[in-house]
1. Looking at the range 230-285 only, could you name the residues that are within 21 Å of Glu97 (Cβ to Cβ), assigned to a loop (DSSP other than H, G, I, E, B) and in contact with a helix residue (DSSP H, G or I) (Cβ under 7 Å, 6 or more places away or on another chain)?
2. Scan the range 117-136 and report the pairs whose first residue is surrounded by 20 or more Cβ atoms within 10 Å (Cβ to Cβ) and whose second residue is in a loop (DSSP other than H, G, I, E, B) and among the charged types (D, E, K, R), with Cβ atoms within less than 8 Å and a gap of 6+ or a chain change.
3. Go through Leu389, Leu383 for me and flag whichever is over 25 Å from the mean Cα position of the chain (by Cα) and at pLDDT below 95.
4. Being among the aromatic types (Phe, Trp, Tyr), more than 23 Å from Pro288 (Cβ to Cβ) and touching a residue at least 12 places away in the same chain (Cβ under 8 Å) is the filter here, so list the residues in the range 236-276 that pass it.
5. Take the range 248-276 and flag every residue that is more than 22 Å from Gln117 (Cβ to Cβ), among the hydrophobic types (A, V, I, L, M, F, W, C) and surrounded by fewer than 21 Cβ atoms within 10 Å (Cβ to Cβ).
6. Just to be sure, is Leu113 more than 12 Å from the chain's Cα centre (by Cα) and part of a strand (DSSP E or B)?
7. Please find, among Ser142, Ser180, Ser152, the residue that is in contact with a Phe, Trp or Tyr (Cβ under 6 Å, 6 or more places away or on another chain) and at pLDDT 95 or above.
8. Provide a single number: the residues in the range 1-43 that are part of a loop (DSSP other than H, G, I, E, B), aromatic (Phe, Trp, Tyr) and within 20 Å of the chain's Cα centre (by Cα).
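The values are calculated or read from the model by the stated rules, or taken from the named source; none is laboratory data. Keep in mind that what you see is a predicted model, and the values were worked out from it rather than measured. Cβ placement follows ideal geometry from the backbone for every residue including glycine, while neighbour counts extend to all protein chains displayed.
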Amino acid sequence: MSTAHTPSTPTFPSRLPQVGTTIFSVMSALAAEHQAVNLGQGFPDFGCDPSLLDAVNDAMRAGHNQYPPMPGMPQLREAVAAKIEALHGRTYSAASEITITAGATQAILTAILATVQAGDEVIVLDPCYDSYAPNIALAGGSVVRVPLTPGSFRPDFAKIAAAITPKTRLLIINTPHNPSATVWTAAEMQQLEDLLAPTNVLLISDEVYEHMVFDGGQHESAARFPGLAARAFIVSSFGKTYHVTGWKVGTVAAPAALMAEFRKVHQFNVFTVNTPMQVGLASYMQDPAPYLELPAFYQRKRDLFAQGLAQTRFKLLPTAGTYFQCADISAISDLNEAEFCQWLVKEVGVAAIPLSAFYGDGFDQKVVRFCFAKQDETLLAALERLHKL
């Protein structure tokens, strides 16, 4: 017997009640609406090396189109282990300590779900990538926010130490750092190693910008520090390194005991990752030149963009790594960061991201972030518009 009323969808409490559409989606949509040059979202607008595409096509045609092993194709895990050993001097077992993931964001979520239980505390250093806090919430953990030093964005070890309690399960660090473009020094990593030594705190070291360190600097991976490596999930991204962010392929390196727990979750949240991409990447990685030459490639873009911005009233913050340039807007506008970014899209035709979007409390220090992972023509077009300022 039919009833007249329209069936209603059941209601339920949200797992992430505080979460809306991300600032990146909002600004990208606004940029499209106003035909603005989009220097907001962090992805390249240029292609990857055609030989990488050839390697993936070859893998598809050679029949690599079914499920790979759950932790990833052995040859790719071996290539990742060899790279870490060559660059950082630490040996990871490709069989038991390297896993291929569906991008770095999945790697971070999986590491958190594998280690964090209800009531555990996780320390994040603000400003930080916007997936960390929702990931911790999904695991039932509590986010403990410790600010990086305003202005310099250096870690404040006294504040980190003060935040550690018996409930602290995990600390998340990110170097080179999005959004501030700072790079942790060896001394800072050593200080972190000493700080964590007497604790049981685990570490996620988000190192997706590992191959973008400038001015002759060195990326200080957690893999270089025995006391950090012993407690760390080290996350990286082929998308960032090889200009293929849409492929969503990343890696995690961790001691076997940690990796065993990671894989328990990984096999049930993605099971495994795109086979021909893995085979193609393994073949392409045999030549280290593409990642060894990346710092010079992006340093030239950084310098081109910074020289152009120097002719405006933006005050540039140092960019030691990543493909981001932060700029102080206080000489240009009295608006807050978010309002300024809206104004910049609508009136100037360039999209940027407010740094306040990376803080839990929306802390506003009159700084915005541009992405310079763009073709020179894109950067020059943006600079032409920004010169009005």
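1. Matches in the range 230-285: Arg231, Val249, Ala254, Val270, Met285.
2. Once the first residue is surrounded by 20 or more Cβ atoms within 10 Å (Cβ to Cβ) and sits in the range 117-136, its partners that are in a loop (DSSP other than H, G, I, E, B) and among the charged types (D, E, K, R) give Glu121/Lys167.
3. Just a single option satisfies the conditions, and that option is Leu389.
4. Phe262, Phe271
5. Within the range 248-276, just Phe271 meets the criteria.
6. No, not satisfied.
7. Step by step, each of Ser142, Ser180, Ser152 is checked, and only Ser180 is in contact with a Phe, Trp or Tyr (Cβ under 6 Å, 6 or more places away or on another chain) and at pLDDT 95 or above.
8. So the count comes out to 1.
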